[in-house]
Amino acid sequence: MEVPENAGSLLVVDDEPFLRDAVAASLRFLGYEVTAAETGADALRLARGRPFDLVVLDVMLPDTDGFEVVRRLRQDGCGVPVIFLTARDTEADKVAGLTIGGDDYMTKPFGLEELAARVRTVLRRTRGPGVAGAAQTVLVFEDLELDQDSYEVRRDGHLIELSPTEFRLLRYLMLHPGRVLTRAQLLDHVWDYGGHGSTTVVATYVAYLRRKLARYGPDLIHTQRAVGYSLRPPRAGEAGHG
C-alpha cells in the first residue's frame with residue numbers, strides 16, 4: 001500500500017475489538033499516528049482534548065451513535081474531518097451522516113486498502129488552503145492566543161500555564177466568543193458530565209482560569225448572574241489584577 005505524504009494523527013472509534021485493532025494497525029503501518037477508542041464518550045473526550053487530523057467513526061456505538069458524536073463536536077466548533085463506518089447502508093443513513101458534517105461514509109464490510117484510500121482523499125481535500133470546515137489551530141480573542149496543537153496559551157505574549165481542565169474550559173469559551181454559555185453546557189462539553197454534575201466545579205475552575213488570565217491584562221470572562229459565562233472584551237478603564 002502507498003505510504004501517505006504528511007501522515008497525520010487519526011482517531012479510530014469502534015466497539016468491535018477485532019475491527020478496531022485491524023483498522024488501527026493498518027493505518028499505523030501506513031505511517032499515521034493512531035489513537036483508538038470504543039465508545040462515544042471516549043471519542044468526545046479524546047477529540048476535545050487534542051486536535052486530530054481525521055476521525056474514523058463507527059455509527060453504532062454502545063453508549064451513543066456516531067451521528068450524535070459529530071453533532072456535538074460541530075456544536076463545539078470542532079471541524080475535524082470524519083469518515084463514518086457502519087453496517088447501516090440505506091440512502092437515508094448516508095445522507096444523514098453527510099448532512100450533519102461527515103466527510104465520507106463507508107459501509108461494512110469494507111477493505112482496509114479502500115479505507116486507507118478514503119483517508120488519504122479526505123486528508124488531501126481538508127488540508128488544502130482555505131478549506132471550509134478545517135480545524136482552526138490557533139484561537140485568538142483580544143490579546144489571548146490558544147494553540148490547539150502545542151497546548152500553549154499566551155496573553156500579551158506571556159506564556160500561561162494551565163491544567164488540562166483549564167485548557168479545555170478556555171478553549172470552549174474561545175470557540176464561542178461573546179456567547180453566554182450555561183453552567184450545564186460547560187459541564188457537558190468540558191467535563192463530559194451530560195449536565196448532571198455539580199455546577200460548583202464550573203465556578204471553581206472559572207475562578208482559577210480568571211485569576212491566571214488576569215495576571216497579564218483585564219478580565220475577559222464575564223459572569224452572567226444565575227446563567228453562565230462568556231468571553232467579552234474588557235470595559236474601558238479595566239485593568240488586570242497583576
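The values are calculated or read from the model by the stated rules, or taken from the named source; none is laboratory data. No experiment lies behind these values; they were computed from the predicted model shown. Cβ placement follows ideal geometry from the backbone for every residue including glycine, while neighbour counts extend to all protein chains displayed.
Numbers below:
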quantity	calculated
Total residues in region 154-170, condition among the basic types (Lys, Arg) and either modelled with pLDDT of 90 or more or more than 25 Å from residue 44 (Cβ to Cβ) (or both)	2
Where a residue in region 114-137 is modelled with pLDDT of 70 or more and its partner, wherever it lies, is part of a helix (DSSP H, G or I) and of a type in the set (S, T, N, Q), with Cβ under 7 Å and at least six apart	116/26
Restricting region 138-174 to residues that are in contact (Cβ under 8 Å) with a residue 12 or more places away in the chain and among the basic types (Lys, Arg), the residue that is farthest from residue 122 (Cα to Cα)	155
Region 66-77 residues that are at pLDDT below 90, paired with ones that are hydroxyl-bearing (Ser, Thr, Tyr) (beta carbon under 7 Å, 6 or more apart)	76/172
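Each row is one residue, and each column tells you yes or no for (1) outside any loop (DSSP other than H, G, I, E, B); (2) within 19 Å of residue 22 (Cβ to Cβ).
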{"residue": "34", "(1), (2)": "yes, yes"}
{"residue": "47", "(1), (2)": "yes, no"}
{"residue": "51", "(1), (2)": "no, no"}
{"residue": "63", "(1), (2)": "no, no"}
{"residue": "68", "(1), (2)": "yes, no"}
{"residue": "74", "(1), (2)": "yes, no"}
{"residue": "79", "(1), (2)": "no, no"}
{"residue": "83", "(1), (2)": "yes, yes"}
